[in-house]
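Peer 1: Let me give you the structure first, and then I'll get to my questions.
The values are calculated or read from the model by the stated rules, or taken from the named source; none is laboratory data. Predicted, not measured: the structure shown is a model, and the values here were computed from it. Counting neighbours? That spans all protein chains shown, and the Cβs are built from the backbone with ideal geometry, glycine included. Note: accessible area is taken over every heavy atom of the protein model, side chains too, but ligands, DNA and RNA are not part of it. Shrake-Rupley method; radii C 1.70, N 1.55, O 1.52, S 1.80 Å.
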Amino acid sequence: MALHNKKNSVIPGFGPTLGYTIFYLSLIVLIPLSALVIKSTDLSWQQFVGAVTADRVLASYRVTFGAALMAAAANAFFGVLVAWVLVRYRFPGKRLVDALVDLPFALPTAVAGITLATVYSSNGWLGRYLEPRGIKVAFTPVGIFVAMTFIGLPFVVRTVQPVLEELESEVEEAAVCLGACRWQTFSRVLFPTLLPSVLTGFALAFARAVGEYGSVIFIAGNMPMVSEITPLLIITKLEQYDYAGATAIASVMLGASFILLFAVNLLQWWSRRYAE
Amino acid sequence: MHLPGRKNRDSTAFAGRGMTEPALVRWFLIASALAFLALFLFVPLAAVFSQALEKGWDAYIEAIREPDALTAIKLTVVTAAIAVPLNLVFGVSAAWAIAKFKFRGKSFLITLIDLPFSVSPVISGLIYVLLFGLQGWLGPWLQEHNVKIIFAVPGIVLATIFVTFPFVARELIPLMEAQGKDEEEAATVLGASGLQTFFRVTLPNVRWGIIYGVILCNARAMGEFGAVSVVSGHIRGSTNTVPLHVEILYNEYNYAAAFAVASLLALLALVTLAVKSVAEWKMRKEA
């Protein structure tokens with residue numbers, strides 16, 4: 001970090017605060033994370049590839065990334081809907097609904113997990129209506145989708161909402177004056193403006209769902225090859241004292257997270273440029 | 001219904017200008033949004049409390065007063081009491097350096113601070129097992145000196161610090177950037193020391209942002225499951241936090257007790273959301 005700009009400012013405390021920030025960041029985050037990367041090099045390349053491409057591991061990637069993708073897509077659609085309704089319409093209890101959207105951020109994942117498993121089980125409040133119609137949720141891959149949708153719910157709403165609030169009504173008025181119907185105004189004028197924020201929310205929800213553990217394991221059923229998510233597989237390996245295998249799979253997951261983080265940063269940069 | 005300062009952008013502002021949807025469409029959209037939220041949020045939230053009280057008040061109180069539950073509550077409170085202040089000090093210091101000064105690599109530093117949010121909780125626990133576990137780098141040395149970190153309280157605290165690491169910093173950085181540095185510069189020129197400037201000038205401006213970050217940090221610290229589950233070893237009555245205790249009760253088919261203890265965490269979540277809403281409202285008013 002270059003310190004040469006310090007003399008431009010009369011405010012004191014740059015050295016100590018930046019120094020402490022980097023020290024604490026290294027101690028808590030960077031050194032432990034590099035332990036994972038270095039530990040994964042204990043295996044030879046063949047062993048590493050073998051560990052991360054075993055059939056059971058590949059099946060877990062399919063389950064995890066597939067369910068996360070569907071959950072993020074559902075959240076993108078309903079997230080725009082909820083944000084739209086909260087910003088544009090007036091209805092009783094709106095403030096309460098607005099505040100409760102953040103519940104998945106505040107509710108511990110284990111509580112969400114046992115509750116969703118109970119509510120969507122065959123005699124649960126919602127499961128008892130779904131099961132006679134042939135929709136089995138708890139202890140199937142559908143359950144994983146439900147849990148991942150729950151924990152990703154706030155992301156799209158909270159990225160789209162401020163953009164919708166800041167939107168100038170002149171653009172819409174112009175579209176109306178030029179003869180656009182309401183749907184045309186939305187699809188040709190409003191939606192393109194919202195798109196970067198929708199995609200950012202989608203990527204954030206997807207990233208969160210891929211790594212999610214607590215809320216999923218209670219409702220998933222955890223059958224190897226069918227409904228076993230990758231984070232659970234890492235824990236299973238750890239419990240069998242297969243540290244090398246757990247570390248190898250974890251480093252693949254970490255790589256995926258970094259790619260997603262990079263994508264989110266790009267999207268945010270794009271939406272900022274878009275807003276200007 | 002509308003907060004002062006918030007733009008009035010609902011249907012009434014647009015009515016009569018061809019700028020809103022027909023009433024039927026409006027009600028259909030509201031109903032769909034609420035139905036989605038009901039399926040995924042409201043019904044599960046109500047179910048926590050309903051399940052918790054299924055066997056009556058006495059069973060509820062009994063589940064919470066049971067010794068293992070009390071030990072778990074104590075451990076959770078102690079963990080949060082260590083993790084939250086540490087991350088608060090870090091968050092304030094990082095926000096000061098990032099918001100009040102210009103330097104190269106700033107946005108990279110912000111990305112690094114956000115890193116724990118993109119790491120799976122399971123991996124957050126695993127990295128400390130790899131450092132301090134018996135097969136880890138420091139494991140043999142720690143065992144020689146009789147220090148236990150993994151499957152003990154220090155590991156739980158470390159994993160909790162990791163997963164709650166960015167909360168205060170990421171709330172304060174944009175807030176302090178938006179407020180600029182004119183007031184701090186004025187204070188310094190008038191002879192205030194760094195600490196005086198911070199406590200008398202900056203702190204009053206960002207106090208609701210700090211409360212916001214701390215309350216969310218605390219909710220996550222008390223509720224973390226995945227990371228803590230990897231490092232705790234699940235020793236009942238010793239290294240079980242409240243979420244892990246809920247898991248054990250649930251896996252023992254002791255549903256009423258599991259939901260009773262879980263309802264404490266759900267209450268904490270509701271209080272968190274309430275304080276968060278107040279903080280947001282105050283910040284918007286002061287902005």
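Peer 1: Scan B:Val153, B:Val147 and give me the residue that is at pLDDT below 90, more than 30 Å from B:Lys285 (Cβ to Cβ) and surrounded by fewer than 23 Cβ atoms within 10 Å (Cβ to Cβ).
Peer 2: Numbers: B:Val153 fails: at pLDDT below 90.
Just a single option satisfies the conditions, and that option is B:Val147.
Peer 1: When the stretch B:74-87 is examined, which residues are found to be open to solvent by 50 Å² or more (accessible area, probe 1.4 Å) and hydrophobic (A, V, I, L, M, F, W, C)? Walk me through how you get there before you give the answer.
Peer 2: We begin by selecting, within the stretch B:74-87, every residue open to solvent by 50 Å² or more (accessible area, probe 1.4 Å); these are B:74, B:77-78, B:81-82, B:85-86.
Hits for the stretch B:74-87 are B:Val77, B:Val78, B:Ala81, B:Ile82, B:Leu86.
Peer 1: From the list B:Val230, B:Val168, exactly one residue is more than 21 Å from B:Ile113 (Cβ to Cβ) and either in a helix (DSSP H, G or I) or hydroxyl-bearing (Ser, Thr, Tyr) (or both). Which is it?
Peer 2: Details: B:Val168 fails: more than 21 Å from B:Ile113 (Cβ to Cβ).
One residue alone meets the criteria, B:Val230.
Peer 1: Here are B:Arg200, B:Arg236: which of them is surrounded by fewer than 23 Cβ atoms within 10 Å (Cβ to Cβ) and either within 18 Å of the chain's Cα centre (by Cα) or within 21 Å of B:Ala63 (Cβ to Cβ) (or both)?
Peer 2: Working: B:Arg200 fails: either within 18 Å of the chain's Cα centre (by Cα) or within 21 Å of B:Ala63 (Cβ to Cβ) (or both).
None of the others qualify; the one that does is B:Arg236.
Peer 1: Given the conditions (1) open to solvent by less than 50 Å² (accessible area, probe 1.4 Å); (2) under 22 Å from the mean Cα position of the chain (by Cα), report the number of the one that A:Arg182 does not fulfil.
Peer 2: Of (1) open to solvent by less than 50 Å² (accessible area, probe 1.4 Å); (2) under 22 Å from the mean Cα position of the chain (by Cα), only one is false for A:Arg182: (2).
Peer 1: Going by the conditions given, is A:Val176 open to solvent by less than 50 Å² (accessible area, probe 1.4 Å), at pLDDT below 90, over 24 Å from A:Phe139 (Cα atoms) and in contact with a Lys or Arg (Cβ under 9 Å, 6 or more places away or on another chain)?
Peer 2: Values: open to solvent by less than 50 Å² (accessible area, probe 1.4 Å): yes; at pLDDT below 90: yes; over 24 Å from A:Phe139 (Cα atoms): yes; in contact with a Lys or Arg (Cβ under 9 Å, 6 or more places away or on another chain): yes.
For A:Val176, the condition - open to solvent by less than 50 Å² (accessible area, probe 1.4 Å), at pLDDT below 90, over 24 Å from A:Phe139 (Cα atoms) and in contact with a Lys or Arg (Cβ under 9 Å, 6 or more places away or on another chain) - is met.
Peer 1: Buried (at least 21 other Cβ atoms within 10 Å of the Cβ), more than 8 Å from chain A (Cβ to nearest Cβ) and farther than 24 Å from B:Arg207 by Cα: is that true of B:Val163 in this structure?
Peer 2: So B:Val163 does not fit the description; no.
Peer 1: Residues that are open to solvent by 40 Å² or more (accessible area, probe 1.4 Å), within 9 Å of chain B (Cβ to nearest Cβ) and closer than 30 Å to A:Leu233 by Cα: list the helices (runs of 4 or more DSSP H) wholly contained in the stretch A:1-107 that include at least 1 such residues. Before the answer, list the steps.
Peer 2: On the way: elements: A:14-25, A:31-39, A:45-52, A:55-88, A:94-100, A:103-106.
Hits in the stretch A:1-107: A:31-39, A:103-106.
Peer 1: Next question. Quick check on this structure: which one of B:Val147, B:Val153, B:Val157 is more than 8 Å from every other protein chain (Cβ to nearest Cβ) and within 15 Å of the chain's Cα centre (by Cα)? Before the answer, list the steps.
Peer 2: Working: B:Val147 fails: within 15 Å of the chain's Cα centre (by Cα); B:Val153 fails: within 15 Å of the chain's Cα centre (by Cα).
Only one candidate qualifies: B:Val157.
Peer 1: Separate question: Could you check, for the stretch B:247-258, whether at least one of its residues is open to solvent by less than 10 Å² (accessible area, probe 1.4 Å) and touching a helix residue (DSSP H, G or I) at 6+ places or on another chain (Cβ under 6 Å)? Reasoning before the result, please.
Peer 2: Our first condition is that a residue be open to solvent by less than 10 Å² (accessible area, probe 1.4 Å); within the stretch B:247-258, this holds for B:249, B:258.
Filter again for touching a helix residue (DSSP H, G or I) at 6+ places or on another chain (Cβ under 6 Å), leaving B:249, B:258.
Checked against the condition, which is being open to solvent by less than 10 Å² (accessible area, probe 1.4 Å) and touching a helix residue (DSSP H, G or I) at 6+ places or on another chain (Cβ under 6 Å), the stretch B:247-258 yields at least one hit.
Peer 1: Moving on. Mind counting the residues in the stretch A:136-187 that are within 30 Å of B:Phe117 (Cβ to Cβ) and not aliphatic (A, V, I, L, M)?
Peer 2: At the first step, the residues of the stretch A:136-187 found to be within 30 Å of B:Phe117 (Cβ to Cβ) are A:137-167.
Then keep just the ones that are not aliphatic (A, V, I, L, M); that gives A:139-141, A:143, A:145, A:149-150, A:152, A:154-155, A:158-159, A:161-162, A:165-166.
Here the count works out to 16.
Peer 1: Provide a single number: the residues in the stretch A:220-232 that are farther than 15 Å from A:Met70 by Cα, of a type in the set (Val, Ile, Thr) and modelled with pLDDT of 95 or more.
Peer 2: Total satisfying the criteria: 1.
Peer 1: So B:Glu54 clears everything in (1) open to solvent by 60 Å² or more (accessible area, probe 1.4 Å); (2) among the acidic types (Asp, Glu); (3) closer than 30 Å to A:Val252 by Cβ except one condition, right? Which one?
Peer 2: (3)
Peer 1: Please tell me if B:Leu190 is open to solvent by 10 Å² or more (accessible area, probe 1.4 Å), touching an Asp or Glu at 6+ places or on another chain (Cβ under 9 Å) and within 12 Å of chain A (Cβ to nearest Cβ). Full working, then the answer.
Peer 2: Details: open to solvent by 10 Å² or more (accessible area, probe 1.4 Å): yes; touching an Asp or Glu at 6+ places or on another chain (Cβ under 9 Å): no; within 12 Å of chain A (Cβ to nearest Cβ): yes.
No.
Peer 1: Tally up the residues in the stretch A:128-164 that are open to solvent by 50 Å² or more (accessible area, probe 1.4 Å) and either facing another protein chain (nearest Cβ under 10 Å) or within 17 Å of the chain's Cα centre (by Cα) (or both), please.
Peer 2: Quick first cut of the stretch A:128-164, residues open to solvent by 50 Å² or more (accessible area, probe 1.4 Å) only: A:128-129, A:131-136, A:139, A:141-142, A:145, A:158, A:162.
Cutting the leftovers down to either facing another protein chain (nearest Cβ under 10 Å) or within 17 Å of the chain's Cα centre (by Cα) (or both) gives us A:145, A:158.
So the count comes out to 2.
Peer 1: Could we say that B:Ala33 is within 7 Å of chain A (Cβ to nearest Cβ), within 30 Å of A:Val29 (Cβ to Cβ) and touching a Leu at 6+ places or on another chain (Cβ under 6 Å) here? Explain how you work it out, then say what you get.
Peer 2: Details: within 7 Å of chain A (Cβ to nearest Cβ): yes; within 30 Å of A:Val29 (Cβ to Cβ): no; touching a Leu at 6+ places or on another chain (Cβ under 6 Å): yes.
No: the conditions fail for B:Ala33.
Peer 1: Residue check: is B:Leu172 of a type in the set (A, V, I, L, M, F, W, C) and over 18 Å from the mean Cα position of the chain (by Cα)?
Peer 2: Details: of a type in the set (A, V, I, L, M, F, W, C): yes; over 18 Å from the mean Cα position of the chain (by Cα): no.
No; evaluated as a whole, the condition is false for this residue.
Peer 1: Hey, could you check the stretch A:210-240 for residues that are more than 20 Å from B:Leu115 (Cβ to Cβ) and among the acidic types (Asp, Glu) and say which is most open to solvent (accessible area, probe 1.4 Å)?
Peer 2: A:Glu239
Peer 1: Is one or more of the residues making up the stretch B:214-226 assigned to a helix (DSSP H, G or I) and farther than 29 Å from B:Val92 by Cα?
Peer 2: Of the stretch B:214-226, the ones assigned to a helix (DSSP H, G or I) are B:214-223, B:226.
Narrowing further to those that are farther than 29 Å from B:Val92 by Cα: none.
No, the stretch B:214-226 has no match at all.
Peer 1: Right, another one. List pairs: first residue in the stretch A:73-93 and in contact (Cβ under 8 Å) with a residue 40 or more places away in the chain, second residue of a type in the set (D, E, K, R) and assigned to a loop (DSSP other than H, G, I, E, B) anywhere in the structure, Cβ distance under 8 angstrom, at least six positions apart or on different chains.
Peer 2: What qualifies is A:Val87/B:Arg9; A:Val87/B:Asp10; A:Arg88/B:Arg9; A:Arg88/B:Asp10.
Peer 1: Determine if the stretch B:144-157 includes at least one residue that is in contact (Cβ under 8 Å) with a residue 12 or more places away in the chain and among the basic types (Lys, Arg).
Peer 2: no
Peer 1: Mind listing whichever residues of the stretch A:241-265 are facing another protein chain (nearest Cβ under 7 Å) and open to solvent by less than 40 Å² (accessible area, probe 1.4 Å)? Reasoning before the result, please.
Peer 2: Step one: filter the stretch A:241-265 for residues facing another protein chain (nearest Cβ under 7 Å), giving A:243, A:246-247, A:250, A:253-254, A:257, A:260-261, A:265.
Answer for the stretch A:241-265, where residues must be facing another protein chain (nearest Cβ under 7 Å) and open to solvent by less than 40 Å² (accessible area, probe 1.4 Å): A:Tyr243, A:Ala246, A:Thr247, A:Ala250, A:Met253, A:Leu254, A:Ser257, A:Leu260, A:Leu261.
Peer 1: While we're looking at this one, here's another question. Would it be correct to say that B:Phe103 is at pLDDT below 95 and either in contact with a Gly (Cβ under 7 Å, 6 or more places away or on another chain) or more than 7 Å from every other protein chain (Cβ to nearest Cβ) (or both)? Spell out how you get there, then give the answer.
Peer 2: Numbers: at pLDDT below 95: yes; either in contact with a Gly (Cβ under 7 Å, 6 or more places away or on another chain) or more than 7 Å from every other protein chain (Cβ to nearest Cβ) (or both): no.
When the stated conditions are applied, B:Phe103 does not pass them.
Peer 1: Here's a check for you: in the stretch B:88-135, which residue that is farther than 28 Å from A:Val252 by Cα and among the basic types (Lys, Arg) is least open to solvent (accessible area, probe 1.4 Å)?
Peer 2: Residues of the stretch B:88-135 farther than 28 Å from A:Val252 by Cα: B:88-104.
If we keep only those that are among the basic types (Lys, Arg) too, we end up with B:100, B:102, B:104.
On the way: B:Lys100: 1, B:Lys102: 147, B:Arg104: 165 Å².
Ranking the candidates gives B:Lys100 first.
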